[in-house]
Structure formats: structure tokens, C-alpha cells
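Colleague: Here it is, the structure, as C-alpha cells.
What follows is calculated from the coordinates using simple rules that are stated; it is not laboratory data. Here the structure is a predicted model, which is why all the values come from computation and not from measurement. Glycine also receives a Cβ, built like all others from the backbone with ideal geometry; neighbour counts cover every protein chain displayed.
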Amino acid sequence: MKTTYLVLSVLAGLALLVAACSPQVAATPAPASTEPPAVVPVTGEAAVNLGENDTLGSFLVDDKGMTLYLFTKDTANTSVCYDKCATAWPPLLTAGNAAAGEGVDASLLGTTTRTDGAVQVTYNGWPLYYYEKDKAPGDVVGQNVGDVWFVVSPAGEMVESAATEAPATEPPATEAPAAAGAATVNLGENETLGSFLVDDNGMTLYLFTKDSPNTTVCYDNCAIAWPPLLTTGDPVAGEGVDASLFGTTTRTDGTVQVTYNGWPLYYYEKDKAAGDVTGQDVGGVWFVVSAAGKQVTTP
């Protein structure tokens, strides 16, 4: 028995010695992610400068000359632009107090904390944003989009687009060309939005969520960007379009605009070819229209 215990003790000791002398296997670290972070980190304080053009005068830009905008649906020092809105209109973020360039009133600069904890620059209480379709310094593609996005003056006010006076030799401009006959409404389609209303040339038609049933509020600059679908008789329904949903509304200039399910119908000036849907979800207030007369939201 004693011999057995001695042998077991020796074996146990050898096992401990081998374990102690064996090289340790280090834990393998997880591979670094190849995906970019969801939010681009802010590496310093934002700078706000002034840009200028002949039409809008002076307006706020960042340190690279990219135009900054305000959103009229925001309230003082509070942003309501998130999700798809913030993708189209990225906020101007900062890691400290924003710096004021020449001509910018430093006393009007401030910040607001967004729901994700990021800090957004404000000016005169307005949260500031870029527009994804502005590609170069000085671009102002976002000006007056949806009648809710505007460049910002040095005084911290929205800058409205100046009306362009027509030359004296030209007849005064109208909001939209006079209708040449009864408007025809058909159905167009794409893989993203499904079926939606178009005119007889395949140009996309839109509704404006600020309108009320059979009443338009889109005039002046709005009607230049979003010309109404006019008619001089009862609209004609193409295949798949419900004729019972047609109606008309008389605009302030006496022209007659087509409505569908109570929604006044519009074109978008930036749609250049049949099937274009550039106006979809612009400003969160413009949408293509389904065959049932409802707004079609982007999936």
C-alpha cells in the first residue's frame, strides 16, 4: 500500500510540473471589424463661416464652404430630424463649442444633444444641417426643399428664395403652364415603390401632406418647384386608376388642379424623365400616390 501511495504521489507531482512548464495558449482576439461605425465620430469643434451667392446673399456654411440649413419643423434648440430625415439632412455635429468665422455672431451659436448623445450645433436656436445632395462648396440644392428647409442668414433667420423678375419684354411668369385639355392620369411602377400615379407622358405625380382635402397650400416658390397638374375638363383615368377618386380644386389664379382621393396632384421640377421619382419623401412631406389615393412611403 505504501508503495502504491508513493507511486501516485510521484505521478501527481510530475503532472503538476508538466502543466507549469507547458507554454500557455493565449486567447485569440476577435478580428477587427471591417465595417465603418454607424456614426462618423466627431474629432473636434465645428466652425461656422459665411458663404454667399447673388440670389440668396450671405448664409451659413461650414469650414469647407458646405451650406448649412435650418428645418422649420424644429423647435428652439430641439431637433425633430431623425432616421431617414437625418440621412438626407445630416446634422452639423461638434465635440466642443462651435467656432464663429468672420461675420458670424458667436453669441448666436449653441448646441443641442441629440437622442443618440451626439452634440449638434445650433444658431439662434435653430439646429443646423447639411443636405446630402449638395456635392460641392456653395451648392444650395436644399434651399426651400419641401418649403421647410432653408439656408440661414448671419442674423439666424431663414433666407427665402428671392423671386426673379422677368425681363420687361417677356410676359409675366405663371406658376404652371395653362392646361391644354383634360388631364390623363395613368399608373407607373418601379421595384422600390410599386405602382404610383403618373401623367399621360409617364411623369410622376405627387401629393403634399401639408394640403387639406381638395385644397392646395402650394403657391409662389412652392408651385415653381412643384407645378400643379392642371386640367380644362374632367380628368381621364388610365388603366388601374380609380376614376371615382378624381376631383378638381380651383387655385387662387383661377386654374383648375386635379385631385385624387382629395389630394391635389403635382409634378416635381427636378424630375426630368418618365419614371423619375426624385421628389419622393422630399422634406418628409412629398410622396408619390398609390392607385388607392394614399401616400407611398419609401420602404
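Colleague: Please report, in whole Å, how far the alpha carbons of segment 47-159 spread along each principal axis, starting with the longest.
Modeller: Projected onto the principal axes, the Cα atoms of segment 47-159 cover 37, 30, 22 Å.
Colleague: Now for a separate question. For a test of the definition: using alpha carbon positions, the gyration tensor, and the 1.5 limit on a/c, classify segment 194-278 as rounded, prolate or oblate.
Modeller: In terms of gyration-tensor shape, oblate.
Colleague: Then there is this: Is the shape of segment 119-159 best called rounded, prolate or oblate, per the rule: a/c under 1.5 gives rounded, else a/b larger than b/c gives prolate, else oblate, with a ≥ b ≥ c the square roots of the Cα gyration tensor eigenvalues?
Modeller: prolate
Colleague: Where both partners of a DSSP beta bridge lie in segment 174-299, what percent of those bridges are antiparallel, to the nearest 5?
Modeller: 90 percent
Colleague: Taking the Cα centre as origin and putting +1 on Lys and Arg beta-carbons and -1 on Asp and Glu beta-carbons, what dipole magnitude results for segment 37-117, to the nearest 20 debye?
Modeller: Charge dipole, segment 37-117, about its Cα centre: 320 debye, nearest 20.
Colleague: Please rank Thr231, Thr278, Thr75, fewest neighbouring Cβ atoms within 10 Å first, as an exposure proxy.
Modeller: Least to most surrounded, the residues fall as Thr75, Thr278, Thr231.
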